[in-house]
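Inspection log for the structure reproduced underneath, given as structure tokens.
The values are calculated or read from the model by the stated rules, or taken from the named source; none is laboratory data. This one's a predicted model, so the numbers in the text were calculated from it and none came from an experiment. Every residue, glycine among them, receives a Cβ derived from its backbone with ideal geometry; neighbour counts consider all protein chains shown.
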Amino acid sequence: MKRNGVVWVALLACLVFAACVPLPPVPANPSNPIRTVAVLPFVNNTNDVEAPAYVREQFLKELGRHQYVVKPAAEVDQVLKDQLGITLGAQLDLTDPKQLGETLGVDGVFYGSLDEFNHKITGIYNVKRVRLRTKLVNCKTGKTVWKNGIGVKTVLSTTTAGAAASVASTVQDDKETGEELKPLFGDTILAPWYELPKQQLPQGESAGQDVGVAFAAALGEKLITTALKVPLAVETNAAVNILLNGTYQADYLTPAVRVGAGAVPAGPGGAAPQR
């Protein structure tokens, strides 16, 4: 069982680093009036206090491919704190896009909310979930010019352990995560679930050991990704790419998969992918 765990950790490391492979820049299109943008602190609807900052950081990295002039997050946070007394995403309703644009010196602002960020481990049923929504608002007009949302999950499974119980857990899990989300600062944004290919966990020599191996492997993954400060890296990477590009591409060797119709509006900060 220990050997199986070591193999899984090695495979996990490959998955994590594959999720961080940079992709080519998105061509610019001068038809968009929004060039300078700020990504505001995400509203945290999870129990993880550090997750919103981590997901926001990954969002910023991917947004950089779209060639927007992006105000650094640290600078955004400092200005919000010093001039508007805002330190949390949930406090952004104390101001409006026009004031934010004038205060931050940008054409547009990205609002965002992290609605799910967890790694559920039971041995029989192990699932990783990341769910987020975002929208881009023109600071001059106050209008939302683009919005999108997605939930990404990966089920970690074994071939023999608790098959019936796993199915029952999946049904219950889908029921719990299918609740309607509250509007994001006035905009209703759907965030449908997209399931990545299942990650096959190592098997034990018996059904009982199978559950033990599954639990140990899932727990080991959670511990190692937390230690590397890349929690739920694969799911976060997929969610951010689907949000901004409407596609998910794990690495250079695999073709992009189109998911929905979300795309950053064409403009100097990036071109919308073809539909």
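Selection of region 94-117 for residues being within 13 Å of residue 140 (Cα to Cα) and free of Cβ contacts under 8 Å to residues at least 60 places away in the same chain yields 96, 97, 98, 99, 101, 102, 103. Residues of region 49-76 being buried (at least 17 other Cβ atoms within 10 Å of the Cβ) and of a type in the set (D, E, K, R), which ones? Within region 49-76, 56, 62, 65, 71 meet the criteria.
Checked against the criterion of being within 18 Å of residue 242 (Cβ to Cβ), modelled with pLDDT under 95 and not in a strand (DSSP E or B), region 136-151 contains not a single residue that satisfies it. Of all residues in region 38-83, those satisfying the criterion of being acidic (Asp, Glu) and part of a helix (DSSP H, G or I) are 57, 62, 75, 77, 82. The residues listed here are 186, 162; of these, the one that is among the small types (Gly, Ala, Ser) and either loosely packed, with under 15 Cβ neighbours inside 10 Å or at pLDDT 95 or above (or both) is 186. Taken across region 116-135, residues that are among the aromatic types (Phe, Trp, Tyr), out of contact with any Cys (no Cβ under 6 Å at 6 or more places or on another chain), at pLDDT below 95 and not in a strand (DSSP E or B) do occur, with at least one present. Of all residues in region 98-108, none satisfies being part of a helix (DSSP H, G or I) and at pLDDT below 95.
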